[in-house]
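Quick note: the coordinates plus some simple rules give every number you see, no bench work behind them. Computed from a predicted structure; not experimentally measured. We place every Cβ from the backbone using ideal geometry, glycine too, and count neighbours over all the protein chains shown.
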Amino acid sequence: AGWRVGRPPEASRSGAGTPAQQAPRRGWPRAAIAVCAALTATAAVLLTVLVPTFDDRRGAQAGPRLPDTYPPVLTQSPIGESTPIRARKETQEQREPTSKPPPVTLPATVPVPSLVGMSKGAAAKALKKAGLALGAVTETDSPEKIGQVLGSEPASGAEAAKGSKVALQVSKGVAVPAVTGKPRQAAEDALTGAGLAVGAISHTCSDQPGGRVLGSDPEAGSRVAGGTQVDLTLSRHGTAVPPVVGRAKADGRAALEAAGFRVRQRGQVVEDESRVGTILRQSIEAGNCAKPGATVVIIVGVAGQSGPPGPGDEQPTPTPSGQIPGE
């Protein structure tokens, strides 16, 4: 009935006790700390040995280690023991989203075939065969044959996307220069200067001075390949004499007078009565150029006479050929 709560009976009866009795009470915490430290050191050693072995076995089962994964790194713990921790390298790629954009598929390419020297049609077939298409066609002045390919874009041998268009540059030849009205030498110089050649020379009667160019074939402005021959027609001053041989005397005389010539008539005896009154020859051959007002002598077939010629008739000649008298 006389006990106080919380105090042992011995203390209440005999006081605080002797130092020998109090020593065991003060020594047991130190022993406990020593035991804990020993257990902690043993655990640290076991972790140091067993954890890497366990990781290696797990890595062998899971596959090769990722490039950015590193082995455990030992760091000093606050209580003095070595404790393994795992560090991982952080990179810019890890901080970015892991999803990658879909791969870009580049179009298939094919080489542009050699087209220079081909015609436009042949070049179009070659492009189609190579998996390409014909694009814009540009014509350029060139001495090459008209329609011949001079170049392409892209150029021959370059890589182009399959199915893409290839532009062509083709020749449109050279233009025949205008030479009408020029003297012959000036006209020939103009043709050769344009890369052309002088062709055949012909003449025709004209009121233009002799030697002037009246026209060309091909005509001025025509497109031809370089080196093409151009024929020239030159003038001969005068009027062309019309053909009257074989025509009736009256018709032939009228044609000559209409062309501006004077006419003289001579008769020639013929045995064939069908040739009587027909012009047998003319003093200036048909097609030749003569000055306006020049005299043209015609020979007309006549029948033989038994008596002297009538008044106004010239004596017919019996010679059927040869030079016309009075020429």
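For this structure, a couple of remarks:
- Taking a straight Cα-Cα cut-off under 28 Å and skipping sequence neighbours fewer than 8 places away in the same chain, the lysines within cross-link reach of Lys100 are Lys89.
- Linear extension gain, Asp231 paired with Ile146, 0.36 nm per residue minus alpha-carbon span: 28.6 nm
- Binning the alpha carbon pair distances of region 109-172 at 10 angstrom intervals from zero yields the distribution 26, 56, 17, 1, expressed in whole percent.
- Bins of 10 Å, starting at 0 and running to the largest distance - Cα pair percent for region 175-237: 26, 56, 17, 1
- Burial ranking of peptide ranges 216-223, 247-254 (average Cβ count within 10 Å, highest at the top): 247-254, 216-223
- Computed from label points 7 Å out along Cα-Cβ, the spacing between Arg262 and Val245 is 2.5 nm.
- Ranked by how many other beta carbons lie within 10 Å on average, peptides 238-245, 136-143, 115-122 from highest: 238-245, 115-122, 136-143
- Segment Asp217-Val104, length gained on full extension (0.36 nm per residue, minus Cα span): 34.5 nm
- Taking amide H atoms as placed 1.01 Å from N in the peptide plane, the amide H of Val230 lies under 5 Å from those of Ala197, Val198, Gly199, each 5 or more residues away in sequence or on another chain.
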